[in-house]
1. Mean separation of Cα pairs under 8 Å and 6+ residues apart, divided by the residue count of the range 503-623: what relative contact order is that in percent?
2. Could you name the aspartates and glutamates whose alpha carbon sits less than 12 Å from that of LYS612, not counting residues in the same chain fewer than 8 places away?
3. So how much accessible area does PHE685 have, in Å² to the nearest 10, using a 1.4 Å probe?
4. Hey, what's the chain come to in accessible area per residue, 1.4 Å probe, Å²?
5. With every protein chain left in place and a probe of 1.4 Å, what is the accessible surface of SER60, to the nearest 10 Å²?
6. Just reorder TRP704, TRP771, TRP656, TRP696 by solvent-accessible area, largest first, 1.4 Å probe, all chains present.
7. Taking the range 583-738, how much of its Cα-Cα pair set, in percent, is spaced more than 19 angstrom apart?
8. If you place +1 on the Cβ of every Lys and Arg and -1 on the Cβ of every Asp and Glu, how big does the dipole about the Cα centre of the chain come out, in debye to the nearest 20?
Amino acid sequence: ILFHTFAKAQDRQIQFDIPAQSLESALKVFQTQSGAQVLYAPEAVVGKNGATVSGEMTASEAARQLLQGSGLEAEVDGGGRLTIRAAQSGAAPEQELPEVKVVSEVEVQARYQSSPHELPPEYAGGQVARGGRLGILGNVDVMDAPFNITSYTAQRIQDAQAQSLDAILADDPSVRALSSGYVGQQFSIRGLGPNGGASFNAVSFQGMFGVAPDYRTPMELVERVEIIKGPTAFLNGFSPFTINGGVINLVPKRATDEPVNQVGLSFSPDAHWGTRADVGRRFGEDKRWGIRVNGSLEDGEASIEQNDRLRLGGMALDYRGERLRASLDLMDQDVAQRGLIAYPTFLPGIVIPRAPDASIGGIFLPGAGSQHVRDKAAVLSAEYDIADRLTAFVNVSHHNSDLDFRPANAANVDALGNFTARASAKTLNDTTTTNINGGLRAKFTTGTIGHQVLLSYGRLRQTTDIEQYTNNSGANPPFASNIYDPVTVPPFANAGAVLFRGIYREIVSSGLAIADTVSMFDERLLVSVGARRQSIAQDQVNTLNGQAQPGYDESATTPMVGVVFKILPNLSIYGNYIEGLTKGDVVTDTTAPNFGEIFAPYITKQHETGLKWDLGSVTTTLSAFQIAQPSLGRDPATGIYSINGKQRNRGLEWAWFGELHTGLRVLGGAAYTEGKVVQSPGGIFDGKDAIGVPRWQANAGAEWDIGAMPGLSLNARVIYTGSQFIDSANAQSIPSWTRVDVGARYKVRLSSSRAVTVRALVTNLFDRDYWASATSGGLVQQGRPRTFYLSGTLDF
């Protein structure tokens, strides 16, 4: 992997801002800010501190200043690399230092690739990491991965003032949010989102499904957000929710070698406020024990007449011994939202009316909807080195979610914006998910060929109790409204609410996976081959009359082949074939005549190839893919959902990230996706564009440091999404849209250990009103209005 060498950096003036901290941490910051390759022995810097470096200077001057009083010095070798070694000058403090061993980039990679507990280092610019967790294959460098992966860092999460996954995933041109009006989370990846009105995408936590809250992701607990594109049944095992277009993995925070002390405040002009705290410590011999505690409180109005309230507490304990590494993550989150944005459906055959003024909530039904969700979860992970090249691992998780949901709907909007709606009675969901997996990882060689072999078994069980109430007393009659002149809805009246539907649903899945990653020609050629044998059983019972809904118990083997060839150390070509096994969809649209119907599991297939080019401080990737999956759709005339064909998405993705120039960070890309319906019943929709799949999506973001004012950074992001059809016949569509976000960050250092950072952000700067997305059920989501965010953090 190429770096800007120290020789290129040593003569130019660079703006440095490196606070006093542990020398190991300071050297990582120095490497990022200078673009230099730095080599040192970890034991040589243990227990040493780096001096404060601030101002504009050459890399040589910064290195000397950073190492003052450490007993170390920097030397430039013939290759232009900076090597940290024991000082030879008599002025250095007299002490015996350990022998300095040069640590190569390969060795650095091996440390984090050997264990999911180790994080891949940050890439130049600090917004994206050098690699991520590739499911059961463990941590893999971007250049070594036979898939398209992106891992956004804690720095990016904090700078984006991310209160939900939407704010981070908006950086990816292949991902679009489908549910920003609800507390829930729903995304489209490579043009594929949840089918048939399903509520959520697959989001894993520490590689475990069924842990992350379904309705609001606790970003305060997250160190990395990783996206793996494509079906991932082999890599990640079974998910209770859709994973056809890709999977999102959340990496939890851990205690760092240096103490973490941070408090923060956030505020928006709409009177929404928040406060949070983040504290971490390591202790014991060699700092083997760690604890990280995060807490957050939020309350107040959102950008429209909604009220959001959040209570979050999380704790992460971990142990890192010579052979044993273990962690325990605990989370308790309480989220409430009063007032919901309705997902409208439109009358067939009409021209879709223009989007209303989002700031007045044209499809917002004040008082007509609410959600209250309580999530409690625990994840226990451990791994033990049986031998130097043989490791056993186990992961266990438990999650319970209680939901009180009072929905609202805006059905059959006409060309003038008129519609009829009503405040529905409540739905109560109690969902419990238990997940366990474990196995062995081994490394060995046969002649000149290296092997990384994995054997894994996993089992997931999820049970859901659902109670749905209706109101027959007339206390909540239907009402007429208009998206351009909305009617204020009276609060939902509980009088007369009666239980009309009870459901007990159980999903059980188990699977055995085996894989081997073979490396040849000095690791220039990497071939990963594997398969997972997986079974899925799903049953549903009407708890009012004991009648069972026909279920299933099916098994399938999903293979995976991935190949990476390094044409040059910094240029890789890759390809993969992978299949995904998805549980049979359940119709969750309560307005559908076949609400609750369970469909059999189906297999999704992907072919992909691409190039990855690391230019030292900027990496760019180009991918071509095809994904084919059975399609669940809604008949606009009858409202009935059925498997009505197959959806085939073919596309090209171009992405880039890194530091284009010192102090100028870039993040973005473009995606072209052709989503087509094939093999539809009677061929009636064959060749039609799939619902909700825009041909073009693009993102371009940049952040630059203002040299004339140290500590000040400005940022901007442009997001473009093409037009989308909202019906199977392609008779109705929503237009393309463009959104501009701008922001600023200013960091003031109060002392060597104290700093204040103020962040400001404006999303949808020009306050455009637009229809943002469409789902397979013909539901449409409106984009958010212009929204201001302001936050401040104190590190001490």
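1. 19 percent
2. ASP141, ASP144, GLU653
3. 50 Å²
4. Value for the chain: 40 Å² per residue.
5. Looks like 30 Å² after rounding.
6. Greatest to least solvent exposure: TRP696, TRP704, TRP656, TRP771.
7. Summing the P(r) tail past 19 Å for the range 583-738 gives 67 percent.
8. In debye, rounded to 20, the chain gives about 600.
The values are calculated or read from the model by the stated rules, or taken from the named source; none is laboratory data. It should be emphasised that the depicted structure is a prediction, and the values quoted were computed from it without experimental measurement. Cβ sites come from the backbone with ideal geometry, for glycine too, and all protein chains shown count toward neighbours. Keep in mind that these areas ignore ligands, DNA and RNA; they rest on the heavy atoms of the full protein, side chains included. Shrake-Rupley method; radii C 1.70, N 1.55, O 1.52, S 1.80 Å.
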